[in-house]
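FYI, it's all coordinate maths here, none of it is from the lab. Given the structure is predicted, the values throughout are model-derived calculations rather than measurements. Note: ideal-geometry Cβ built from the backbone for every residue, glycine included; neighbour counts use all protein chains shown.
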Amino acid sequence: MKEHQGSGKDSMAKILNERFQSNSYSLNGVDGMKVIAFNGSPRKNGNTHQALEIALAEIRKEDLETELVQMGSEAIHACKACGTCGKNQDQRCIIKEDQVNDWIQMIKEADGIIIGSPTYFGDMSAQTKAFIDRVGYVCRSNGGLLRRKVGAAVAVNRRAGSLTTFDNINHFFLIAEMIVPGASYWNVVTALKPGETPQDTEGVATMQSLGRNMAWLIKRVQ
Ligand SMILES: Cc1cc2nc3c(=O)[nH]c(=O)nc-3n(C[C@H](O)[C@H](O)[C@H](O)COP(=O)(O)O)c2cc1C
């Protein structure tokens, strides 16, 4: 990890100028920095998608590259607890019938990840949980592949449970030695039918501050 003295816009301008001078400034993002958001809702264009997009838009404004993966519509197997990922040390899960291994490779290249989930019966969606168990076990058993990446949770609910969803996704980031930025509120949105996210103005403001803080943090831990 590079260390930078000072803080604020002046020091960031200095850092970016140094990178420009050394030809290390990428037009795709600052030094190719990238955030991938995984949507754990089966509804492709639902409220979780909208919430994630609001955060990602702020991240793009800071010149980081972003990608949104529609994870929740895929059939994702649960972890078999076979331990093969730890024995083989190949940074892969033995289950090959789904996309989890592709996503692990993508995450390895990313500087930050956001995991978004709707709240189902007071917790994250089953897809999100299977994703976390598989990705988490492979990364943990292969030397800590997520260490010091930046992670953020986004949880959506109609009425109650989003804080549990938010907390439980954060449990994953913290045991993986990831760095978690804050926002102007906990990263939750209240919405029911697809497309209602913009009606939750405080939720929108929270997603925007999350995006800004995530980009700020990633630039500094690089
Ligand atoms: C199976 C299921 C369980 C749900 N459980 C909860 C719940 O416990 N609490 C809540 O407030 N909303 C609950 N909801 C509502 C969703 O969290 C809400 O509609 C959310 O906006 C869905 O996000 P999406 O559009 O990204 O799929 C549930 C919805 C479904 C389909």
Under the Karplus relation with 6.51, -1.76 and 1.60 and θ = phi - 60°, whole-Hz ³J(HN,Hα) for region 71-82, x at Gly and Pro, equal 5, x, 8, 8, 7, 10, 5, 6, 4, 8, 6, 7
What order, most packed first, do the peptides 209-217, 83-91 have when packing is the mean number of other Cβ atoms within 10 Å of each residue?
-> 209-217, 83-91
Which far-off residues, 5 or more places away or on another chain, put their amide H under 5 Å from the one on PHE38, with H placed in the peptide plane?
-> VAL69, ILE114, ILE115, GLY116
Tell me what the chain gives for mean residue ellipticity at 222 nm when only DSSP H runs of n ≥ 4 count, each as -39,500 (n - 2.57), the sum divided by the residue total, rounded to 500 deg cm²/dmol.
-> -13500 deg cm²/dmol
Spelling it out for ASN187: with amide H atoms placed in the peptide plane at 1.01 Å from N, the residues 5 or more places away or on another chain with amide H under 5 Å from its amide H are none
In Å and whole numbers, how far do the C-alpha atoms of region 31-221 stretch along each principal axis, longest first?
-> 48, 38, 23
Residue-span extension gain [ASP167 to GLN91] - 0.36 nm each, minus C-alpha spacing | 24.7 nm
Would you mind telling me the antiparallel percentage of the DSSP bridges in region 31-221, rounded to 5?
-> 5
PRE reach from ARG43 (point 7 Å along Cα→Cβ): which of region 179-220 fall under 11 Å by backbone N?
-> 191-197
Considering only lysines 8 or more places apart in sequence, or on different chains, count the pairs in region 31-221 whose C-alpha atoms sit under 15 Å apart.
-> 10
In order over region 170-178: 3J(HN,Hα) from phi, Karplus 6.51/-1.76/1.60, θ = phi - 60°, whole Hz, x for each Gly or Pro, gives 5, 4, 4, 4, 6, 6, 8, 6, 8
What whole-number value in cubic angstrom gives the convex hull volume per residue for the C-alpha atoms of region 87-140?
-> 95
So, with points 7 Å from each Cα along the Cβ direction, the TRP186-THR201 label distance in nm works out to 2.4
Can you list the HN-Hα couplings for region 179-187, worked out from phi with the Karplus curve (6.51, -1.76, 1.60; θ = phi - 60°), rounded to whole Hz and with x for Gly and Pro?
-> 10, 10, x, x, 9, 6, 8, 5, 7
Among THR128, CYS139, GLY86, which residue has its Cα positioned farthest towards the positive end of the charge dipole of the chain, with +1 placed on the Cβ of Lys and Arg, -1 on the Cβ of Asp and Glu, and the dipole taken about the Cα centre?
-> GLY86
Non-local residues with an amide H under 5 Å from the amide H of THR66, with H modelled 1.01 Å from N and Pro and chain starts lacking one, are VAL35
